[in-house]
1. Give me a count of the residues in the stretch 34-52 that are among the small types (G, A, S) and under 20 Å from A21 (Cβ atoms).
2. When both residues are 6+ apart or on different chains and their Cβ atoms are under 9 Å apart, which pairs have a first residue that lies in the stretch 168-195 and is under 19 Å from V139 (Cα atoms), and a second that is β-branched (V, I, T) and outside any helix (DSSP H, G or I)?
3. So which residues in the stretch 113-140 are surrounded by fewer than 23 Cβ atoms within 10 Å (Cβ to Cβ) and in a loop (DSSP other than H, G, I, E, B)?
4. Of everything in the stretch 211-231 that's touching a helix residue (DSSP H, G or I) at 6+ places or on another chain (Cβ under 8 Å) and in a loop (DSSP other than H, G, I, E, B), which residue is surrounded by the fewest Cβ atoms within 10 Å (Cβ to Cβ)?
5. Pairs please, first residue from the stretch 110-123 and over 11 Å from A71 (Cα atoms) and in contact (Cβ under 8 Å) with a residue 12 or more places away in the chain, second anywhere and β-branched (V, I, T) and surrounded by 20 or more Cβ atoms within 10 Å (Cβ to Cβ), Cβ atoms under 9 Å, 6+ apart in sequence or on different chains.
6. Can you report the number of residues in the stretch 133-153 which are among the hydroxyl-bearing types (S, T, Y) and without any contact (Cβ under 8 Å) to a residue 60 or more places away in the chain?
Amino acid sequence: MAAALRADFSQIPVIAIDGPAASGKGTVAQRVAAVLGFHYLDSGSLYRLVGYSALMHGTAWSDEAVLGKLAATLPAEFRGTDILLSGEVVTELIRSEACSNAASRVAAVPSVRAALLNWQRKCRLPPGLVTDGRDMGSVVFPDAALKIFLTASTEARAERRYKQLKEKGINANLLILLRDLAERDTRDASRSLAPLHQCPEAHLLDTTEMAVVDAVDQVIDWFRRLVPCNK
């Protein structure tokens, strides 16, 4: 019976979209999920929640034991587009640059990644899942039906982040954002555990000069070519 359950579980299609910060993968993933009627997992929000918790508790980035415990006991809840931590809506709070950098730091901690791995895999539910992150295709869902590495130039990503922050009424400096993104790219790509990289079998999608709707159409086209029954 257990083997049969695993076999059924493996038949649930997953579209794994990995890429650097501010590349637009979250927006693309959400829209693809909506078109296909699939579930959506923003894996980065989990690391942001752990990073936010660490900041609130004053936890040192070197304290792996405490960081791992925070991840293992994360009182997170997702209600539609709202993200809650201990019953408090923190959707916007965890989108700050401070939380973005905190997420990158805790993502390099083995105990944190181990604690969140099963959490993420439990999101694989019928009829399918679209997920974005750094290691969705390489580690979390290595058997994903479609793997994509979505990227854009550092300049384009910094400009997008700047526009997003300004639209939310948050002060931002484009040069500082550019520097922070470059530093985060280096940190994410050079960490020893689940580094950011393009899987050999992943489709490269550069959105530097591509509209969101075109990126979404491309992902759906690739998926339907691989899984023809999903029309």
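1. So the first thing to find is which residues in the stretch 34-52 are among the small types (G, A, S), and the list is 34, 37, 43-45, 51.
Narrowing the set further to residues that are under 20 Å from A21 (Cβ atoms) leaves 43-45, 51.
Number satisfying all stated conditions: 4.
2. Going by the 9 Å Cβ cut-off, the qualifying pairs are L193/V109.
3. Result: K122, C123, R124, L125, P126, P127, G128.
4. Result: K231.
5. Between residues of the stretch 110-123 that are over 11 Å from A71 (Cα atoms) and in contact (Cβ under 8 Å) with a residue 12 or more places away in the chain and residues that are β-branched (V, I, T) and surrounded by 20 or more Cβ atoms within 10 Å (Cβ to Cβ), the close pairs are Q120/T131; Q120/V140; R121/V140; C123/T131.
6. Initially, the stretch 133-153 is screened for residues among the hydroxyl-bearing types (S, T, Y), giving 138, 151, 153.
If we keep only those that are without any contact (Cβ under 8 Å) to a residue 60 or more places away in the chain too, we end up with 153.
Residues in the stretch 133-153 being among the hydroxyl-bearing types (S, T, Y) and without any contact (Cβ under 8 Å) to a residue 60 or more places away in the chain: 1 in total.
Okay, residues lined up against (1) in a helix (DSSP H, G or I); (2) at pLDDT below 95; (3) touching a strand residue (DSSP E or B) at 6+ places or on another chain (Cβ under 6 Å):
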{"site": "E155", "(1), (2), (3)": "yes, no, no"}
{"site": "L165", "(1), (2), (3)": "yes, yes, no"}
{"site": "N171", "(1), (2), (3)": "no, yes, no"}
{"site": "A182", "(1), (2), (3)": "yes, yes, no"}
{"site": "D185", "(1), (2), (3)": "yes, yes, no"}
{"site": "A194", "(1), (2), (3)": "no, yes, no"}
{"site": "H197", "(1), (2), (3)": "no, yes, no"}
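One line per residue, one yes/no per condition, for (1) surrounded by 13 or more Cβ atoms within 10 Å (Cβ to Cβ); (2) β-branched (V, I, T):
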| site | (1), (2) |
| --- | --- |
| R184 | yes, no |
| A194 | yes, no |
| E201 | no, no |
| T208 | yes, yes |
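The values are calculated or read from the model by the stated rules, or taken from the named source; none is laboratory data. Quantities reported herein were computed from a predicted structural model and do not represent experimental measurements. Neighbour counts are summed over all protein chains in view; Cβ atoms, including those assigned to glycine, are modelled from backbone coordinates with ideal geometry.
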